[in-house]
Amino acid sequence: VQLVESGGGLVQPGGSLRLSCAASGSLFSRYAMGWYRQAPGKQRELVALVTRNGGTNYADSVKVRFTIARDNAKNTVYLQMNSLKPEDTDVYYCNAISTSVWGQGTQVTVSS
């Protein structure tokens, strides 16, 4: 499996972005998928995950504001981010949970 993120960018506080993570290969549906974020000098943290069956879990800091979803037919996992705050500024990565497979990351910057 290879992962490619897209959809990052610059947005004002209170705005929205939708990140996408496209997976190559035919095994996508077998994995739980996660979105992580990492700021320079800090550890990578799990933001949200979606299980193979569509169950979801979120970090407390993004609950209500972010929504993770997957489309197994398109081999893609999404992260809808609403009500963005400056502290959401980070590089966002997707990961096939319990594997070493990571995307290259996409920068999200929340600033006025």
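The values are calculated or read from the model by the stated rules, or taken from the named source; none is laboratory data. Treat the numbers as computed from the prediction; the structure is a model and nothing was measured. FYI the Cβ positions are ideal-geometry reconstructions off the backbone, even for glycines, and counts take in every protein chain you see. Quick note on the areas: whole protein, heavy atoms, side chains included, nothing else; ligands and nucleic acids left out. Shrake-Rupley method; radii C 1.70, N 1.55, O 1.52, S 1.80 Å.
Roll a 1.4 Å probe over the protein chains and send me the accessible area per residue for region 25-112 in Å².
Details: 4700 Å² over 88 residues.
With all protein chains present, region 25-112 gives 53 Å² per residue.
Mind checking the log10 I(q)/I(0) for region 23-112 at q = 0.13, 0.17, 0.22 Å⁻¹? Debye, one equal scatterer per Cα, no solvent, two decimals.
-0.41, -0.70, -1.13
Over the chain, what is the percentage of antiparallel beta bridges among all DSSP beta bridges, to the nearest 5?
90 percent
Net charge around ALA39, counting only other residues with Cβ within less than 12 Å of its Cβ (Lys, Arg = +1; Asp, Glu = -1)?
Details: positive: ARG37, LYS42, ARG44; negative: GLU45, GLU87, ASP88, ASP90.
Local charge sum for ALA39: -1.
Please list ARG44, ARG52, ARG70 from largest to smallest accessible area, probe radius 1.4 Å, with all protein chains kept in place.
ARG52, ARG44, ARG70
Taking all protein chains as present, what is the carbon and sulfur share of the accessible area of the chain, in % to the nearest whole number, probe 1.4 Å?
47 percent
Where the only charges are on Cβ atoms (+1 Lys, Arg; -1 Asp, Glu), what is the dipole of region 1-68 about its Cα centre, to the nearest 20 debye?
Roughly 60 debye, rounded to the nearest 20.
How much length is gained on full extension from SER16 to GLN80, taking 0.36 nm per residue of separation minus their Cα-Cα distance?
Values: separation 64, 0.36 × 64 = 23.04 nm, distance 0.75 nm.
Length difference between fully extended and current span is 22.3 nm.
Among ASN53, TRP35, THR99, whose Cα projects farthest towards the positive end of the dipole of region 29-112, with charges put on the beta-carbon of Lys, Arg (+1) and Asp, Glu (-1)?
ASN53
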